[in-house]
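Take a look at the structure below.
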Amino acid sequence: AKSAGGNRFELADPEADARAITRHGLTTALPAALDRGEFFIEYQPLVHLGDGSVRGAEALVRWLHPQHGVLGPDRFIPLAEHTGLIVPLGRWVLEESVRQAGEWRERGGDSDPFRINVNLSPCQLTHPGLVQDTVDILERAGVAPEALCLEVTESALIGADDDLLKPLRRLAEMGVDIALDDFGTGYSNLANLRRLPVSVLKLDRSFTQGMQQFPADPVDLKIVEGIVSLAHSLNLAVTVEGVETGAQAEQLRILGCDTAQGWYYARPGPPDRLHQLALVDATG
Ligand code: C2E
Ligand code: CA
Ligand code: CA
Ligand code: CA
């Protein structure tokens, strides 16, 4: 359809029209959806590659839309970023997932430090309330800053100046971990890593995909090996995402990656399921 008529043709394309209307419809529905509590969070476990124990979870937001059903974040996060609604929505995700983490900790005892990872949009980084909101949320939930990891994409920090990094530095000084999400997809200068207040690299799924065959592609192996050794030399932990098979997990473990996340262990799911996984794990 694209080759048939360029832009003019696309405007007349009923499907494209429907998509645009939906986009517009979703955008205008966002604020009321937040008021009505139509968002919910699924949790995906973070697993220690060395011993297979569940160490925490990443919070992933979804929208239960009254007409369209469950929508994934890729459908509405960009819209929320565009309108600025991401600031209150992101604050809600942080509040709710930290509250949930506090509940898990209470039920599980604090023998094993259970951590919660929350995604932060670039718009939230530039919002002046970020640090105080985070402090308040942790306090209300009785959760230590050390139990929270905020994930920021590599692209959000490319060329970041000091003003943008200041709130992240304050949070890091408090003990909050900062993870560089989707690492390896941007063009960040590796030397630049030293300047950023990050303590975790999350290797993008594309690297994990290169580990699908056993043995993996030798060039992929070299690249991941290099990233892991650089990360460790800078005292950064390495988390890998998108692990779908045991072979991938095994190769990434051999390469020295610390933590893994992916369908091989569990899909994102409701909070109770995650609690069960962690309990099963704790009892062996
Ligand atoms: P992300 O932070 O890179 O999150 C990982 C995505 O990979 C999630 O998609 C997760 O469901 C998916 N995934 C996990 N394991 C596997 C696997 O083994 N194979 C494959 N193919 N995929 C896997 P999801 O939930 O659709 O989230 C998409 C993106 O939306 C996230 O990417 C993140 O950038 C964004 N997002 C999600 N929740 C939030 C939020 O609360 N705030 C903000 N700002 N962004 C969010
Ligand atoms: Ca993430
Ligand atoms: Ca990611
Ligand atoms: Ca991603």
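Suppose the filter is within 16 Å of ligand 4 (Cβ to nearest atom), out of contact with any Cys (no Cβ under 6 Å at 6 or more places or on another chain), on the phi < 0 side of the Ramachandran plot and among the basic types (K, R); does K202 pass it?
Details: within 16 Å of ligand 4 (Cβ to nearest atom): yes; out of contact with any Cys (no Cβ under 6 Å at 6 or more places or on another chain): yes; on the phi < 0 side of the Ramachandran plot: yes; among the basic types (K, R): yes.
Against the criterion (within 16 Å of ligand 4 (Cβ to nearest atom), out of contact with any Cys (no Cβ under 6 Å at 6 or more places or on another chain), on the phi < 0 side of the Ramachandran plot and among the basic types (K, R)), K202 qualifies.
Please verify whether the stretch 211-220 includes one or more residues that are within 16 Å of ligand 1 (Cβ to nearest atom), part of a loop (DSSP other than H, G, I, E, B) and touching a Leu at 6+ places or on another chain (Cβ under 8 Å).
There is at least one residue in the stretch 211-220 that is within 16 Å of ligand 1 (Cβ to nearest atom), part of a loop (DSSP other than H, G, I, E, B) and touching a Leu at 6+ places or on another chain (Cβ under 8 Å).
Within the stretch 191-230, how many residues are more than 21 Å from D163 (Cα to Cα) and either exposed (fewer than 12 other Cβ atoms within 10 Å of the Cβ) or of a type outside the set (A, V, I, L, M, F, W, C) (or both)?
19
Which of the residues spanning the stretch 107-123 are modelled with pLDDT of 95 or more and in contact with a Gly (Cβ under 7 Å, 6 or more places away or on another chain)? Don't jump to the end; show me each part of the working.
We begin by selecting, within the stretch 107-123, every residue modelled with pLDDT of 95 or more; these are 116-121.
The answer is I116, N117, L120, S121.
Residues of the stretch 25-61 being charged (D, E, K, R), surrounded by 14 or more Cβ atoms within 10 Å (Cβ to Cβ) and without any contact (Cβ under 8 Å) to a residue 40 or more places away in the chain, which ones? Give the steps one after another, and end with the answer.
Step one: list which residues in the stretch 25-61 are charged (D, E, K, R), which gives 35-36, 38, 42, 51, 55, 58.
So of that shortlist, the ones also surrounded by 14 or more Cβ atoms within 10 Å (Cβ to Cβ) come out as 38, 42, 55, 58.
Listed by number, the list holds a single entry, E38.
Going through the stretch 116-133 one residue at a time, which ones are within 14 Å of ligand 1 (Cβ to nearest atom) and either polar (S, T, N, Q) or free of Cβ contacts under 8 Å to residues at least 24 places away in the same chain (or both)?
The answer is N117, N119, S121, Q124, T126.
Do any residues in the stretch 151-167 that are in contact (Cβ under 8 Å) with a residue 24 or more places away in the chain and of a type in the set (A, V, I, L, M) have Cβ atoms under 6 Å from those of residues that are assigned to a strand (DSSP E or B) and away from ligand 3 (no atom under 16 Å from the Cβ), where the two are at least six apart or on different chains, and which pairs are they?
none
The values are calculated or read from the model by the stated rules, or taken from the named source; none is laboratory data. In this text the structure is predicted, and so the values were computed from the model without any measurement. Please note: Cβ atoms are built from the backbone with ideal geometry, for glycine as well, and neighbour counts cover all protein chains shown.
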